[in-house]
Structure formats: C-alpha cells, structure tokens
1. Which count do you get for residues in region 211-221 that are part of a helix (DSSP H, G or I) and either in contact with an Asp or Glu (Cβ under 6 Å, 6 or more places away or on another chain) or closer than 15 Å to A196 by Cα (or both)?
2. Does region 1-39 hold any residues that are assigned to a helix (DSSP H, G or I) and of a type in the set (S, T, N, Q), and which are they?
3. Sort out which residues of region 576-601 are at pLDDT below 90, part of a helix (DSSP H, G or I) and closer than 28 Å to A526 by Cβ, and write them in order of number.
4. I need a count of the residues in region 660-685 that are at pLDDT 85 or above and touching an Asp or Glu at 6+ places or on another chain (Cβ under 7 Å).
5. With the requirement that a residue be out of contact with any Asp or Glu (no Cβ under 9 Å at 6 or more places or on another chain) and touching a residue at least 40 places away in the same chain (Cβ under 8 Å), what does region 307-318 give you?
6. Since S50 meets every condition but one in (1) modelled with pLDDT under 85; (2) surrounded by 15 or more Cβ atoms within 10 Å (Cβ to Cβ), which condition does it not meet?
7. In region 511-536, what count of residues is obtained for those that are more than 30 Å from A365 (Cβ to Cβ) and in contact with a strand residue (DSSP E or B) (Cβ under 6 Å, 6 or more places away or on another chain)?
8. Taking V810, is it of a type in the set (V, I, T) and at pLDDT below 90?
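The values are calculated or read from the model by the stated rules, or taken from the named source; none is laboratory data. Keep in mind it's a predicted model, so treat the numbers as computed, not measured. With ideal geometry, Cβ positions are generated from the backbone for all residues, glycine too; neighbour counts draw on all protein chains shown.
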Amino acid sequence: MPNRPLYNQDATEILSDLKTDRHHGLSQDAATALLEKNGYNQLKEAASTSLLQRFINQFKDFMIAILLVAAVVAAFTGELVDAIFILAIVIINAVFGVFQEAKAEDAINALKEMSTPNANVIRDGKEMSVKSTALVVGDIIRLEAGDIVPADLRLIESASLQIEEASLTGESVPVNKVSDTLTDKDLPLGDRTNLAFMNTNVTYGRAVGVVIGTGMQTEIGHIAGMLEAADETKTPLQENLIRLGRVLTYLILIIAAVTFVVGLARGRETIIDMLLTSISLAVAAIPEGLPAIVTITLALGTTRMAARQALIRKLPAVETLGSTDIIGSDKTGTLTQNKMTVEKVVVNAEIQDAATTEELSGTYARLADILALNNDTKRTENGYVGDPTETALIAFNENHHRDIDTLFSEMPRVAEIPFDSERKLMSTVHPAPNGYIVTVKGAPDELLKRATQIEMYGDVVPLTDEIRTKLSDINSELATQALRVLAFAYKLSDTVPPNMTSDAVENNLIFTGFVGMIDPERPEVAQAVLEAKAAGIRPMMITGDHRDTAAAIAIRLGILNEADKATAVISGSELDAMTDEAFAANVHKYNVYARVAPEHKVKIVTAWQKKGKVVAMTGDGVNDAPALKAADIGIAMGITGTEVSKGASDMVLADDNFATIVHAVEEGRKVFANIQKSLQYLLASNLAEVISIFVMTLLGWNILAPIMILWINLVTDTLPAIALGIEPAQKDAMSRQPRGRSASFLSGGVGAAIIWQGILQAVIVLSVYGFALAYPVHAAEFEAHRDALTMSFMTLGLMQMFNAINVKSVYGSMFGPQAFKNKLFNWALLGSLIVMAAVVVIPPLNPIFHVSHLDGYQWAIVLVAGISIIIIVELVKLVQRKFFKKG
C-alpha cells in the first residue's frame, strides 16, 4: 500500500491493494488463507496471575524481606517464640494483600470480551453472517443502525451514517461518517470520518466498508498493546516503605555490630553471648508490627471509602490518594453527564434558558412540537433509544410541553426525507388541522438559506435581512459557548407533497427557532473542583472532544479561567508538534487537553510524574485505560465505565461522582497521617528499647530478656497501634498542600520526634533502673537487680503506651478537642495497660517473664516515670509551638 494514512487514500485504490471487490468481496478460500496467516480477529490474551503467584508477590516487599531474615535468625538462635510471632505477622499481611486484589479483573481480557459476536460480510458475492473473530483484512462489511463495528474499516459507501465513539475518543456526540477521501494530514482519531473503529456503536444510517485492521492491528488493539506494555508504577506508600526499610536495615546492622564489638572489648562476655545479645538487639529494633499495621490501616480506609462509594481495588491506592498533586480527568461521563441536554432555546429571535418550567405556548410550543416530530427516537421499556441529540430533544418536549405518545398519535409521520450529511437537513410530513405540516431541522446556516419567513410571537412575518443577521449572530454566540446548535422550520401544505425531494420540499420555509445543546457538567463537580484547588490539587481536563467544547466546560467548572483560554488549552496535534523536552518544560501551562489520543494521555501523566508529582487519572472509556494504568492512581467510573477502564484502575467510583474523589483524597490524607502516627509510635518505642539494651550492655547491667522485648512489642504494637490507624482526620487536612512524592513518613517533624522521644524514653527507663539499684527494696544483690530490671521493664512498656497519646499530633497538644474522641483507642490503651501489668501483678506469670512482684512503692515509681513522658512531651511541644509556630 502507499505510504499514506488510509483516510487519505481513495477507496478504489484501497480495494485494489487489498485484492478485494466491493460487490464480490473476498473468496472463502482467500479469507481462510488470510485467517491462517494473520490469526483471528481478537485481542491478545494476557497471562493471568494465579492465586499462589499473588500470594508469593506479597513477599517481594523490602520490609517483609527484612522480617523474614529476622525470623530465620531468631529461630536459628533458639528464639522460636520470636520467630513464630514475626512469621505470623508476615503471613497475615500477605493474606490481606491477596484478598484485596483477588477480585480484580484483567484489563486485556475485558477488552477481548467486548468483541462483537457476528458481522454481516460479503464473500464470493454473497452476504452472510460470520463470527467477528473470523474476519480478515479485505472483507467487505455491511453496517446498520444498532450494529457494533466488528473491525477497523475504511468506509466505501455511507448513507447518513453516525457512529458513537465515546468509549474510544471521549467525544459524547455521535460522529457523522462519510466515504469520501480526506485531504487533511495527521488527523486525530475523532476526525478520521471515513474510518470506523472496532467496538464502536452505529447509532444511525447504514454503510459498507472494507476491513483494514483486525485484532491487535486495530485502534482498540493498539490500546490493548499499550496496556500490556505499561509498567506497574509503585505508589508513594510503597516507595516510602522501601526507603524506610533500607534505612532501618543499615541502622540495625550498625547498632548490632557496635554492640558486639563494644561487648567483646569489655572482655566480660563470650563471643556467643555477645552474638546472641546483638541479634536480640537487632530483632528488638525491627518494627515487626509495621507491615500489619499499615495493611490494617489501609484495609480500614478501604471500608470507610466503600461506604462513600469509592471502591479500592489495590490497598496502597488508599494512601496514594492523599498525596495526589494532579487529577487528570476525562470529560465525557466523568465531569459531564454523558447525556445531551437542551440548554438554550431561541424563539422570537431571542435567547432563552431552556430550564424554564412554565407551560409552553405560542412560538415556543410550535418549536417544541417540531423538534419532537422531526425525530427518529424510539421509546422502549428501558427508555429512549436513538441518537443522543434526538433523545435530548424528546426529553425537552416531555419535560416542558406535552406527552410524546399523544403527539405522535395525533400527528403520525406520513412521509420523510432522511437526514443527509451533505445537505445537513431532515424533513418529515404530518397531518395537521386543515392539511399537513412539513417539519425541517438541520444546520442553522443551511436552514436559514431556505427560509423566507419567521414566526414571531405567534405571527408569521417576512424573514428580513436584519433578522437574518441577528439570527446568524445568535448562532455564532451559542457556538462560542460550545453548544451544538440545531435550527427548526416548517411550512403548511394542503396535501402530502407528491415529490419528496429536497428541491421540491425544503424551500419557502417558516423559520421557528434554534436549540443549543451540550453534554452538561455534573452539578456537584464545580464544588469538587473548588475543594480540590483549596487542597492544593490541580484538576485538569484530558479529553478527545473538540477544543471549544472542552474549554467551555472547563471554564464552567472552574478548571480553566476565561483569561487563560488562549494559552492553557492544547490539542493533540499541537502536542504531537512539540518535542518531549519542550512539552516537559511547558506542561505546567496547560489545564485542558483536547482532541487527544490514548498515547497523549500517557505522555501527559508521565510528564507530570517526571516532575515528581503524584498523578491521579479518572476515566470511563477504553481510551482511558492506558493512562489509568500509567497513573499513580487510576480512577474508573463504576456505572458508565467500561470493564477495560475498571480493570486498569486502582479505584472505582460506584456512583460516578467526581465529588467522591475529593472525599477519597481526604480519607487518603487521613490514612497517611495515621500510618505516620503509628510509625512514630512504633519507631520511638523500638529506639527506646535499642538504646536501653545498648547502654545496659555497656554498664554491665542485666539486660531485658528476649521474652520481655517480645511481650512489650506484642502488647504495644497491636491494639494501640491499630487504634491509631482510625484516628479522625485533623480539621485542616484539606487545607494543606499535597505532600508530594518526595515526602516520607519521617517528614513533617516525625523523624525528629522519633529520635528525641525514643532517647527520652530510654533515659527514663535507665534512670528507673539506676534509681532502683541505688535505693533497693531488697538487700540481696540478685533480688535488687531483678527488681530494677522488672521496674525498667514495666516503665518501658507503660511509657510506650502513654506516648501513644502524644503521637496523635507531632506538635499539637494531647488536650485538644479530638484527643480522646477515638473511643476504640481509649479502650485499646486501657486494655493494653492491664495486660502489660498482668505479668507482674499475677504471681504465676512472674517466672515465665523473669520478673519479680513489685510493692506499692515500686509501682508508684513506675507510674510516675511512665506518666512523665506525657508531661515532658507536652512541655516540649509547647515550646515548639511558641517559638517555631508549629500547629
């Protein structure tokens, strides 16, 4: 074939190159040979992931790998209880991950399932119905209204053909198709009007086309290939955990090595003893509960989001929402209702709002009748069926005028001249009082040429040049608002016109009015856009629709300012003309992307990601799937969304409500903050343990036994840490700027708080030990050391739990209005304090944990020391707020 796009080639030339014929088609032998050579007309099926493989994948996380190593080391050194506990945490975490992902459907297979079952094909000169999977390049296909296009076609005949391509291009209005050769070069997908694409829907007319692409060689196959090739992006949460795991690993190895060397240098311990001590120290330093806490917190977040109509398919997506900088949203069906609606009506040469609920009369009533009569919409049990533009006209009439069924029964259609894309008009004839009425609708400029009179306030008057000019200006004004304008006229006749041709019928018309239609924005979206901007999030529109339509909707929603219309809107062809470097340098200038192809959407997402931004992409069509997969979080529509978009997404909006995204962002920010609180709590506690054991080793004191460390971690790392995961969101959560991809769990003062609070706890624990030795209750050295160890053990455990109250805010006071609002936390803290104390209070448990039974004096010291963490931390926070203005 010539090296030109097929839409630039003449149909005859294409038929010759494909060795096929318009009337005869391919021979059955030729079709069979091509099928064997090129394969079936179906999309490539991607390999599925088994349940076992999904389970194994859960263990590829860096933090999980550290825990597995720790479990092996603990088991090797005889600490079986530690090993079992760590393994239990890891397995529970994996089960949670598998359960959350088990219901996800594969995007490629969903594309495959969309294939149409049959096609009307001409072979050996005979028309027959064959499975669409058996089509080959060169087959001649007939299309009629209601058909699904079975493959990519070059149209060779077209009669009033309209195809709805929203799922592929994002354009809400069906496209008028032609068979003519197009002369413009580098046309975007939506403007290739002599091509029909696989899995789009024929809404009107009929056509004949030749197959030019099957299977993976179609436009939808191209999207499937992009999905298959797209890499899975790591979420900010996953990146954070990986970085944290590496830092902790290095620190733990350094601390363990230093402890080992220092212990040997003292000369009082054997190599084996110091090795065991170092390993115990390393195990104590690992926050083994963190993966489970993160998973549980995320799972609780998914439950809360589900209650608000946001369904999470992948757990990390919960937290990713909270770090979102950019939301790139598809227009049709996401920001708009995906339903054409009459918005403006022009009668008496004046623009009126179509939302009026007053009873229609005069010229307004005449227009309402004409737009309903000149209409091919059919009513079924499930609603209206037909072209979206025509169903909008019917809906307008029923909402504002009278019952359609009554109108049709009184004025049935007796003759018609179908719509034709060349003359851009359609006419129908109906009985009327004293004769018949001919109704005509079409493009305003074409209809005005054929009108000689106009109905004004119920009277028919001449259509003067002055009125024509005014009507033309009104048409231009509506067009600048991105409204699709249709004009209506009529004339009366004594009989049904004997010659139903355009020249005989569509002349000397009485002009009635215009209607301006648009796919309107969802009513809640404008407020959601405002809230997103207040939260520092940049909403963008990325659509396959026309530039003017996209810009008008974006202005109405607040995504685009009127003053920036000329500079902040870019088309797909303009994007193609820019180098990657130029686009990357200017990507921040654009808020609206119009007439874009699927690869453009991925390019936009990638450009922002390279700038370190966290990008969310919403969409509902097949064309959105590659970008949904490439984005940090893909958000699909649950009602209007295709299975393809849902399969490629991380989150599905059950109510298709853009405002739900804002609620989900707030929930995501809360989840991150709560994970941060749990992390601060766990790491500060573990740091206190490490420092305490390290210093005890240096001073030659009895160190905390492994079972003591295990018990503290078991009690403190479970209920209180989990309860921190459901803390209510802070009031200013949605007024802060997004933390972005570079932020970590240790940012925002958390890292510093972990260090000084961990050191503080260790100092208090060591002080209690030293005080107990200096002022012993028992004279015997063994009992004195046992009492000191028991008191430091209890102080460490109780103090960690009291510190859980402190970590609810890095700088805020624990005595704020939300301090004790979390009832689960209150009960978890009380329960953990009781369980922690039980090992000392209940005598039979004393020998198991190597502790002694404390008296009232010793308990008083423990309680004062434990509660002191609250007082000291509150004083430090007060100083920070006063001198550093921290909130």
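1. 5
2. Within region 1-39, N8, T12, S16, Q28, T32, N38 meet the criteria.
3. Result: P598, H600, K601.
4. 2
5. L311
6. (2)
7. 2
8. It is true that V810 is of a type in the set (V, I, T) and at pLDDT below 90.
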